[in-house]
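Q: Have a look at the structure that comes next, please.
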Amino acid sequence: MESDQPQEEKEKAEELKAQDSEADENQEEEHEEEVHFNNFTKPQLLKALKDFAQEQDFIKRDGLVQEIKNHYEEYYSKEKEEALQQFIKEGGEEGGFDFRGSDADREFFATYQQFKDRKHQQLKDFERSKEKNAQEKNGILDRLRNLVDGEETTNSIETIKKIQEEWKKIGPVPHNQNKNLWASYNALMDRFYDNRSIYFELKELDRKKNLESKLELCDKAEALLELEDIKEAIRVLNDLHEEFKHIGPVPREEQEALWARFKGASDAVYNKRKAYYDSQKEVFKANQDLKEKLIEKLSAFKEFKAEKIRDWNSKTKEILAIQKEWEAIGPVPRESGREINKTFWGLFKQFFHHKNQFFKELDEIRNENKEKAEGLIADAESHKESTDWKETSNHLIQLQKEWKELGPLPEKFRDDLYTRFKKSCDTFFNNRRDANKETNKAFEENLAAKEEVCTRILTAANEPDEVSTDGLESLILEFNQIGFVPRKSMKDISAKFNEAVNVYMSKLDLDGENKDDFLFRLNLNKLQSDPNSTRVLNKKEHGIRKQISDLENNITLWRNNLEFFAASKTADKLKDQFEEKIDKAEQEVDKLKKKLSIIREF
């Protein structure tokens with residue numbers, strides 16, 4: 001019975017080798033699957049994610065799912081940037097851009113989030129289950145101790161088999177307890193087989209059954225070499241190693257040959273996979289060289305800055321062209337892939353970070369301009385109903401100039417702001433236009449009325465019985481009382497009026513002072529039609545008063561001078577001249593004062 005212990009120790013060594021092989025295989029499998037996803041399309045990545053989400057082993061598949069997400073996000077970022085450039089090309093502003101993605105994108109990220117949530121829950125459940133498994137295994141160890149230390153029965157071997165099955169079905173335990181639990185379990189099992197000599201033959205029979213099971217696993221492992229799908233072959237081989245590890249010991253004489261056969265079949269599969277990757281090394285290295293050149297090319301954009309949108313758009317096209325070249329290149333060696341990707345996408349993101357910063361600052365300027373625009377709108381709205389046509393027109397024209405100098409406005413508010421501002425200005429100018437139409441109509445009517453008066457003056461001039469100063473003054477007054485005429489017709493109607501009056505005047509029998517007074521009064525009547533008549537009358541009055549003052553000063557001076565003339569012929573002659581000048585000046589003063597009195601009538 002003691003001779004069985006070395007044999008079982010060898011079997012335990014085989015199990016440890018199988019575990020080590022399994023760990024190595026898992027590392028290789030991760031490499032194979034990471035490279036495999038490099039060339040997946042978006043639909044393929046979505047399908048792969050959904051497949052993993054259905055497998056239920058979320059913890060094991062987390063690394064692969066993260067790799068799938070990274071590849072998918074590269075596609076998504078590319079499509080988003082292309083959509084943004086198209087949006088800008090069609091006249092949009094980046095601040096108003098909103099990329100929603102496709103239904104497939106939303107399905108992908110929803111599935112990914114579902115996977116992460118389930119994995120998180122599975123991790124918590126897994127940790128709880130490991131503690132529970134540890135408790136169950138400790139319970140099995142207690143039962144196994146009782147069985148080993150208890151009295152021998154005919155059911156002992158059957159009980160130990162049940163215990164083995166229960167132990168095998170229990171899942172993983174916390175890492176810090178695993179080694180001790182396995183050591184205790186194996187030690188108790190050894191003691192059981194050593195102490196139960198009465199069941200030795202049954203034990204040997206059990207070993208033979210284990211041998212048959214392990215030989216069957218060898219057949220399956222050897223058949224994997226013919227499987228073309230290396231990924232699937234590795235997955236199946238993992239399962240075979242797990243099953244091999246949990247099958248009990250085999251006869252000592254078969255142990256080494258059995259393990260050598262199983263290991264040989266496993267190594268053949270590993271070597272086939274290694275040969276495949278070795279054949280791709282040169283291709284991967286060439287891809288690495290190409291990508292490193294693109295990184296150098298992209299480095300030139302690292303610190304790019306610009307003040308104009310078109311410069312950013314131009315450089316963005318160059319960046320996206322480099323991205324297309326990058327995506328067209330295949331995978332690189334695994335040991336270099338992470339660092340190369342990190343460097344390239346770091347430079348890529350840095351450029352767009354600077355670009356986003358530029359548009360962020362631009363948005364701040366646009367928001368400031370928006371506040372200024374709101375102020376201009378409020379100002380325009382407060383004047384839109386004004387009827388002070390001239391003053392308000394000048395003010396709104398100034399506001400329009402200020403609006404043109406505002407600078408850029410936020411894209412989503414720009415049209416609305418301009419519409420509001422334009423509406424206020426249009427309201428005022430439309431009102432003014434309507435008012436001008438009415439005014440122009442009245443001006444045309446006034447012109448027709450004044451022409452009719454001119455015709456009546458000429459008609460009356462040709463009727464000797466009707467010619468009189470009162471009649472002329474009445475017609476002139478009627479002419480002056482008619483309102484304004486169109487600006488373009490002012491000179492013509494004024495000339496026509498003066499010509500008619502002159503014709504009438506030629507038919508009047510006036511002379512001397514009466515004629516002067518009448519003509520002066522007539523001129524004043526004519527002035528009544530002048531828009532600036534008040535200012536002109538004031539100016540005339542001021543001029544006459546100045547003339548009167550100058551004449552009165554001269555009269556005073558001349559009278560003072562008369563007192564100095566001596567009594568002589570020559571003095572008398574000069575004295576007569578001065579008295580004549582004084583007399584004429586006094587007559588002129590009287591005429592001017594009469595004109596002042598006439599002006600006061602107006």
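The values are calculated or read from the model by the stated rules, or taken from the named source; none is laboratory data. If you're wondering where the values come from, they're calculated on a predicted model, not measured in any experiment. Note that we place each Cβ from the backbone using ideal geometry, even for glycine, and neighbour counts take in every protein chain shown. Accessible surface is based on the protein model in full, side chains and every heavy atom, while ligands, DNA and RNA are left aside. Shrake-Rupley method; radii C 1.70, N 1.55, O 1.52, S 1.80 Å.
Q: What GluC sites (Glu not before Pro) in segment 374-433 are in a loop by DSSP, with at most 15 other Cβ atoms within 10 Å of the Cβ?
A: Sparse-neighbourhood loop GluC sites (Glu not before Pro): E385, E405.
Q: Then there is this: From the backbone phi of segment 318-331, what are the Karplus-calculated ³J(HN,Hα) couplings (6.51 cos²θ - 1.76 cosθ + 1.60, θ = phi - 60°) in whole Hz, Gly and Pro given as x?
A: Karplus values, whole Hz, x for Gly and Pro: 5, 4, 5, 5, 5, 4, 4, 4, 4, 5, 6, 7, x, x.
Q: Continuing with this model, one more query. Given the rule -39500 (n - 2.57) for each run of at least 4 DSSP H residues, summed and divided by the residues of the chain, what is its mean residue ellipticity at 222 nm, to the nearest 500 deg cm²/dmol?
A: -29500 deg cm²/dmol
Q: On C-alpha positions alone, give me the angle between the axis of helix 490-506 and the longest principal axis of the chain, in degrees, nearest 10.
A: 10
Q: Please work out the Cα center distance from segment 62-85 to segment 252-267, rounded to the nearest Å.
A: 46
Q: For the chain, find the longest principal axis of its Cα atoms and tell me its angle to the long axis of helix 252-299, 0 to 90°, nearest 10.
A: 20
Q: Per residue of segment 350-364, what does 6.51 cos²θ - 1.76 cosθ + 1.60 with θ = phi - 60° give for ³J(HN,Hα)? Whole Hz please, x for Gly and Pro, Karplus curve as stated.
A: Using θ = phi - 60°, the values come out as 5, 4, 6, 5, 5, 5, 4, 5, 4, 6, 5, 5, 4, 5, 5 Hz.
Q: Kindly sort W345, W389 by accessible area of their heavy atoms, largest first, with the probe set to 1.4 Å.
A: Greatest to least solvent exposure: W389, W345.
Q: A further question on this structure: Could you give the distance between the Cα centres of segment 347-413 and segment 124-149, to the whole Å?
A: So the separation of the two Cα centres works out to 75 Å.
Q: Turning to a different aspect of this structure: Assuming R0 = 45 Å, can you tell me the calculated FRET efficiency for the pair D416 and Q350, based on Cβ-Cβ distance, to the nearest 0.05?
A: In this case the efficiency is close to 0.80.
Q: Here's a follow-up. At what distance in nm do the modelled label points of N502 and A187 sit from each other, each positioned 7 Å from its Cα along Cα→Cβ?
A: A separation of 14.4 nm, rounded to one decimal place.
Q: Residue by residue, what Karplus-based ³J(HN,Hα) values in Hz, rounded to whole numbers, does segment 397-407 have, using 6.51, -1.76 and 1.60 with θ = phi - 60° and x for Gly and Pro?
A: Going residue by residue, I get 5, 5, 4, 5, 5, 5, 4, 5, 8, 4, x Hz, with x marking Gly and Pro.
Q: So for the chain, taking the charge dipole from beta-carbon charges (+1 Lys/Arg, -1 Asp/Glu), which of S184, W259, F37 sits furthest toward the positive end?
A: With unit charges placed on the Cβ atoms, the residue in question is F37.
Q: Moving on to the next point. Given Cα pairs under 8 Å that are at least 6 residues apart, what percent is the relative contact order of the chain?
A: It comes to 11 percent, rounded to a whole number.
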